[in-house]
Each structure stands twice: as structure tokens, then as C-alpha cells.
Ligand code: KIV
């Protein structure tokens, strides 16, 4: 059965963890969804892992639509979430036009990075039938404002603000919240506060779902490995085996473990 937003809500209400992974082409979309991954994210991380840039900023709508179409062809029933690239949702009008393009290409949900300033845009998208994931915490499109890829929400004021933003974006219509690189206690607090399913990456094991970048969990991304990444291929004998091990570890909440978690 195909995964929908209702499936994710059911997982949350039953306390069952669900898995998400990035994929950018039809073959990996097939492999990932066959392995039982619930959500495929066509992340703008493709700017880094496919295109070799040092940030996600150069990714365009044309790139995103190309990869969403490919993933939609290979998908075997996962929910397809597509990133809205940098400045494709600078105004609500742009967001509506660009989100419609991603949905026409085969996405079931779009993901936007930002905080309370996105409320009106999320409401407009949601009112017009476009499911939205709101990405909080370390939002890579803001790397130049953050001055680097840094854990967010470490002090009490920032943490309280992130809880408020999650509540405001949920009230505006966000169906899913994604938290990247936040201390685990804060991610737990947000997961328990909002009704929407919360997906974490570098956010501890208590979020409703987990996501990783495919190339990271296969251990093939060049350079320094972030703390929250585990190489699942190291202990498997195939790519399929590594992805199955990831799905299993997420369901059993054995991943992420303490070593992959920011505590404060
Ligand atoms: O672009 C991406 O792959 C993402 C994940 C890191 C969550 O946004």
C-alpha cells in the first residue's frame, strides 16, 4: 500500500518510528522504496552529492523537477517529498507556482526551509492542496547567515523560539516538521508538542521518523563525516542490505544511538 500523509500520522499515533532517505534517480528510488523506506526525499542536497557544490544554493527548479520525475518513475509506494530550492519560495506567489511544478513532476509533498516568516506561504500552499514539510534547525540554505553548518537551538532562548516556530508552522498548515542538527532534548520536546509527524536528522532517536542522505549512509560521501551519520554499508554485503539495515534500525530505534546524537 502506498504511503500517504495519513500513514505517517498513524505511525506517530502508534509510536512507531518511520524511515526516510534521499534518492535522486529512478534506480535508487526503486531500491529504496522496495527496501521499505516510507518517505523518499529528493533533497537539494543533490547540489552537494551529485553536482559537487559546497552548498545547496546553486540548485534550481529545473534540477529539482528533473530529479523528481526520475524518482517518481522508480518509486514503489513511498511518499515522495521534494525540496523547494533556494529562493524558489521567496514570495508566496513564487512558492505556489514552483510547488505546483514539483507536484506535477510527481512529488506528494514539498519541503521548505525557514521559520515563522513562512507561515503565510505555508497556509497558501496548504489551502490549495499542497502538503508541506517545514524544515527547522540547521537549514542548509541559510549557511551564509549561520556562518557554517552548526547545531541549532543550543541555548534556551533559541530552543524556546524553535518550539514556537514549529507550533506556528503547524498552525499555518505544515503537515510534517523536519528538524536538522538540534540537541536531542529539544527535538523530543518539539516531537511531543506538535501533532504533526516530526522527522529528524541529527536530532536524536525520539523523533517520529529519521532521514539521512543516501550517499552518507552508504559511506561514499567524500570528506568529513558528520556526527549523526552512520555508514550502514560497512556492515552489509550489498546496497540493498545496507538500506534494509537502516530501515530496521530506525524501526527498532537503535539508530540513531548516543554516538550519533547532539545532547546539548
Ligand atoms: O536536502 C536534503 O537532503 C535535506 C536533508 C538533509 C534533510 O534537506
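A short reminder: the numbers here are calculations on the coordinates, not readings from a lab. The structure presented is a predicted model; accordingly, all values stated were derived computationally and were not measured. FYI the Cβ positions are ideal-geometry reconstructions off the backbone, even for glycines, and counts take in every protein chain you see.
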**Prompt:** Is the shape of the range 100-238 rounded, prolate or oblate, going by the alpha carbon gyration tensor and its root eigenvalues a ≥ b ≥ c, with a/c under 1.5 for rounded and a/b larger than b/c for prolate?
**Reply:** oblate
**Prompt:** Using Cα pairs under 8 angstrom and six or more residues apart, how large is the relative contact order of the range 150-205, in percent?
**Reply:** 38 percent
**Prompt:** Based on the Cβ-Cβ distance from residue 150 to residue 26, what FRET efficiency comes out when R0 is 30 Å, to the nearest 0.05?
**Reply:** 0.30
**Request:** Multiply the residue gap between residue 91 and residue 13 by 0.36 nm, knock off their C-alpha separation, and tell me the result in nm, one decimal place.
**Result:** 24.7 nm
**Computed lengthening from residue 5 to residue 120, 0.36 nm per intervening residue step minus Cα-Cα distance** = 39.3 nm
**Prompt:** Which percentage, to the nearest 5, of the DSSP beta bridges contained in the chain is antiparallel?
**Reply:** 0 percent
**Shape call, the range 158-264: gyration tensor on alpha carbons, a/c limit 1.5** = prolate
**Complete:** Per GNM of the chain with C-alpha springs under 10 angstrom, the most fluctuating residue out of 113, 156, 16 is 156
**Asked** Given q = 0.14, 0.31 Å⁻¹, what are the Debye log10 I(q)/I(0) values for the range 1-52, with equal point scatterers placed on the Cα positions and solvent ignored?
**Response** -0.43, -1.17
**Request:** Indicate the gyration tensor shape class of the chain (rounded, prolate or oblate), computed on the Cα atoms with a ≥ b ≥ c the square roots of the eigenvalues: a/c under 1.5 is rounded; otherwise a/b larger than b/c is prolate and the rest oblate.
**Result:** rounded
**Request:** Compute the distance in nm between two label points, each set 7 Å from the Cα along the Cα-to-Cβ direction, one at residue 171 and one at residue 51.
**Result:** 3.6 nm
**Prompt:** Which three semi-axes in whole Å describe the equivalent ellipsoid of the range 92-135, each the square root of 5 times a Cα gyration tensor eigenvalue, listed largest first?
**Reply:** 16, 11, 9
**Gain on full stretching of the segment that runs from residue 69 to residue 158 - 0.36 nm per residue minus C-alpha separation** = 28.3 nm
**Request:** Evaluate the relative contact order of the range 66-172 (contact order divided by residue number), counting alpha-carbon pairs under 8 angstrom at least 6 apart; express in whole percent.
**Result:** 24 percent
**Item:** Normalised contact order of the chain, rounded percent, pairs of Cα under 8 Å and 6 or more residues apart
**Value:** 18 percent
**Complete:** Residues of the range 207-234 with backbone N under 13 Å of the label point set 7 Å from the Cα of residue 259 along Cα→Cβ are 227-232, 234
**Fill in**
Cα gyration tensor of the range 15-171 diagonalised, 5x eigenvalues square-rooted, in angstrom largest first, produces semi-axes 24, 18, 17
